[in-house]
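Visitor: I'd like to ask you about the structure that follows.
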Amino acid sequence: MSEQSDPIFARIARRYDFINTLLSFGREQAWRRRGIVHLPAGRVLDLGSGTGAADPVLSEFDVVGLDPVPEMLRLSPMSDRVVAIGESMPFADESFDGVFSAYVFRNLTSIDETLAEIRRILRPGGKAVIVDLGRPRNPMLRLVHRIGSAIALPLAGLIVRAPADYWYLHKSLDKLPPVEELYAGGPLTVERTWRMGPFGFVYGAVLTK
């Protein structure tokens, strides 16, 4: 999905979930669950599935996990796993009822291409639910959050002996526009967006075909 981030995730695969739990104060699954309630029943693609951290909260669905990093995917408990990129997915048209993606979109090479692929593989009326991180909307809170992540993320990287890799993750938070603007005018209809977490730095979006 990204030539820059994929080698990073390959290096930190075994420590990735531990650091996510630490940095989110154990809330990352709650943020996933808040999005998953909007998914339709049936077959769901976990896009950017990584180590399969979403598996426990996707248990009621028929799930396929897709990720470009085999080192991550090998650690996943999901039985149906595919190594591929979001910009070119090896699935037939209209083969999924829903797509779920958590903490992935800011690392994509092309969001436009990925959204077009999501639209292609979704059945009519299907939904894509996206949960990711960004900066707070308020300018003052955005500055405070930027300073905090510049300190916290490299420190987290030191714990797993990868400070440079987590500096990249800090910079990725500034890569995209706010969720309120990011998906507008794309190939899918924005049904709703919301914010979660301290300062609202976590967002959710429901997109409909």
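The values are calculated or read from the model by the stated rules, or taken from the named source; none is laboratory data. Computed from a prediction, not measured in an experiment: that's the story for all the values here. Note: ideal-geometry Cβ built from the backbone for every residue, glycine included; neighbour counts use all protein chains shown.
Visitor: Considering only residues of the range 165-180 that are among the acidic types (Asp, Glu) and surrounded by fewer than 17 Cβ atoms within 10 Å (Cβ to Cβ), which is modelled with the lowest pLDDT? Give the steps one after another, and end with the answer.
Guide: Residues of the range 165-180 among the acidic types (Asp, Glu): 165, 174, 180.
If we keep only those that are surrounded by fewer than 17 Cβ atoms within 10 Å (Cβ to Cβ) as well, we get 174, 180.
Working: Asp174: 82, Glu180: 90.
Applying the filter and picking the extreme gives Asp174.
Visitor: Just for the range 94-117: of the residues that are in contact with a Lys or Arg (Cβ under 7 Å, 6 or more places away or on another chain) and hydrophobic (A, V, I, L, M, F, W, C), which one is surrounded by the most Cβ atoms within 10 Å (Cβ to Cβ)?
Guide: In this case the residue turns out to be Ala102.
Visitor: Among the listed residues Gly65, Gly42, Gly48, identify the single one that is more than 24 Å from Ser149 (Cα to Cα), modelled with pLDDT of 90 or more, under 13 Å from the mean Cα position of the chain (by Cα) and of a type in the set (Gly, Ala, Ser).
Guide: Gly65
Visitor: Whether any residue in the range 76-84 is over 12 Å from Ser49 (Cβ atoms) and not in a loop (DSSP other than H, G, I, E, B) is what I want to check.
Guide: no
Visitor: Looking at Gly42, Gly26, Gly35, Gly125, can you tell me which residue is surrounded by 22 or more Cβ atoms within 10 Å (Cβ to Cβ) and not charged (D, E, K, R)? I'd like the intermediate steps shown before the answer.
Guide: Values: Gly42 fails: surrounded by 22 or more Cβ atoms within 10 Å (Cβ to Cβ); Gly26 fails: surrounded by 22 or more Cβ atoms within 10 Å (Cβ to Cβ); Gly125 fails: surrounded by 22 or more Cβ atoms within 10 Å (Cβ to Cβ).
Unique residue meeting the criteria: Gly35.
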